[in-house]
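Only one structure is covered here, and it is reproduced in the block below.
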Amino acid sequence: MSDLELKTKFLTHLRSEHEKTVLKLKAVIDDAQKSANEYGAPKDRYDSYRMQLLRKKDMYSQQLAKLVEQAQVLEMISLDKPMTEVKFGSLVITQRQKLFVSIGIGKIEMDGEIYYAISPNVPVYEAMRGLKVGDEFFFREQMMKILAIS
C-alpha cells in the first residue's frame, strides 16, 4: 500500500470514528433533553434537579460544537498531493510512532496498527515541524527519525 493510500485509508477511518462519536453525543443530548422534559416544569425556583439536567445537556452541546469544529478541520486536509515535509495534514511515521497531524484525539487503532491523531499545537509537532524523510529530531530525551511522510 502506498503512503498516499495509507493516508487516505486512515483519514477515512478517522472521519468514520469521529462521526460515530458525534452520533453518540447527539443521542446523549437528546436523552438529557428528554429527561428534563419528562420531569416537567420546575416545581419551584429552587428546583435544582431540572437545572442539573439542563446543565448536562448544555455541557454535551458544547462538546458537540467542538466535534463539529474538528470535523471542519478534517475536511481541510488535502489528499491531492504527497507531503514532502511535516505539516498540517501529514501522516508521519517514525521508528517509534505513527502520527497524523490533524485534530488532537489521541490513539486510534486501524488494521492492528496504533496511530496517534495529534493537533498542530502539541510539543511533538513543534519538534518535527518542517522536517523531511530521513531527518531526526529530539523529543522527551529520545532521538526519533522520520521514516516516511504522506
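Being in a loop (DSSP other than H, G, I, E, B), aliphatic (A, V, I, L, M) and open to solvent by 20 Å² or more (accessible area, probe 1.4 Å) narrows it down to one residue among Met59, Met83; which is it?
Details: Met59 fails: in a loop (DSSP other than H, G, I, E, B).
Just a single option satisfies the conditions, and that option is Met83.
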| query | For the stretch 86-115, which residues satisfy the criterion of being β-branched (Val, Ile, Thr), open to solvent by less than 30 Å² (accessible area, probe 1.4 Å) and modelled with pLDDT under 90? | reply | Ile103, Ile108
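Go over the candidates Phe88, Phe100, Phe137 one by one and state the one that is over 30 Å from Ser35 (Cβ atoms), free of Cβ contacts under 8 Å to residues at least 24 places away in the same chain and either touching a helix residue (DSSP H, G or I) at 6+ places or on another chain (Cβ under 9 Å) or not β-branched (Val, Ile, Thr) (or both). Working first, answer last.
Numbers: Phe88 fails: free of Cβ contacts under 8 Å to residues at least 24 places away in the same chain; Phe100 fails: free of Cβ contacts under 8 Å to residues at least 24 places away in the same chain.
Just a single option satisfies the conditions, and that option is Phe137.
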| task | May I ask you to list the residues in the stretch 67-78 that are closer than 12 Å to Arg15 by Cβ and either in a loop (DSSP other than H, G, I, E, B) or polar (S, T, N, Q) (or both)? | result | Gln70, Gln72, Ile77
| task | Output the qualifying pairs, or none if there are none: Cβ atoms under 7 angstrom, residues six or more apart or on different chains, first residue in the stretch 13-26 and without any contact (Cβ under 8 Å) to a residue 60 or more places away in the chain, second residue open to solvent by 50 Å² or more (accessible area, probe 1.4 Å) and not in a helix (DSSP H, G or I). | result | none
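Would you check if there is a residue in the stretch 123-133 being free of Cβ contacts under 8 Å to residues at least 12 places away in the same chain, farther than 21 Å from Phe10 by Cα and either open to solvent by 30 Å² or more (accessible area, probe 1.4 Å) or in contact with a helix residue (DSSP H, G or I) (Cβ under 7 Å, 6 or more places away or on another chain) (or both)? Please lay out each step first, then the result.
Filtering the stretch 123-133 for residues free of Cβ contacts under 8 Å to residues at least 12 places away in the same chain gives 126.
From what is left, the residues that are farther than 21 Å from Phe10 by Cα are 126.
Remaining after also requiring either open to solvent by 30 Å² or more (accessible area, probe 1.4 Å) or in contact with a helix residue (DSSP H, G or I) (Cβ under 7 Å, 6 or more places away or on another chain) (or both): 126.
Within the stretch 123-133, one or more residues are free of Cβ contacts under 8 Å to residues at least 12 places away in the same chain, farther than 21 Å from Phe10 by Cα and either open to solvent by 30 Å² or more (accessible area, probe 1.4 Å) or in contact with a helix residue (DSSP H, G or I) (Cβ under 7 Å, 6 or more places away or on another chain) (or both).
Say we look at the stretch 1-14 and pick out the residues that are surrounded by 15 or more Cβ atoms within 10 Å (Cβ to Cβ) and of a type in the set (D, E, K, R); which of these is farthest from Gln70 (Cα to Cα)?
The first filter runs over the stretch 1-14 and keeps only residues surrounded by 15 or more Cβ atoms within 10 Å (Cβ to Cβ), leaving 3-4, 6-8, 10-11, 13-14.
Filter once more, so that each one left must be of a type in the set (D, E, K, R): 3, 7.
Numbers: Asp3: 24, Lys7: 18 Å.
Among residues in the stretch 1-14 that are surrounded by 15 or more Cβ atoms within 10 Å (Cβ to Cβ) and of a type in the set (D, E, K, R), the one farthest from Gln70 (Cα to Cα) is Asp3.
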| Is it the case that some residue within the stretch 135-144 is within 25 Å of Thr8 (Cα to Cα), in a helix (DSSP H, G or I) and not hydrophobic (A, V, I, L, M, F, W, C)? | no
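The values are calculated or read from the model by the stated rules, or taken from the named source; none is laboratory data. Remember, it's a predicted structure, so these values are computed and weren't measured experimentally. Methodologically, a virtual Cβ is constructed for each residue, glycine included, from the backbone with ideal geometry; neighbour enumeration extends over all protein chains shown. Side chains included, ligands, DNA and RNA excluded: accessible areas come from the protein's heavy atoms. Shrake-Rupley method; radii C 1.70, N 1.55, O 1.52, S 1.80 Å.
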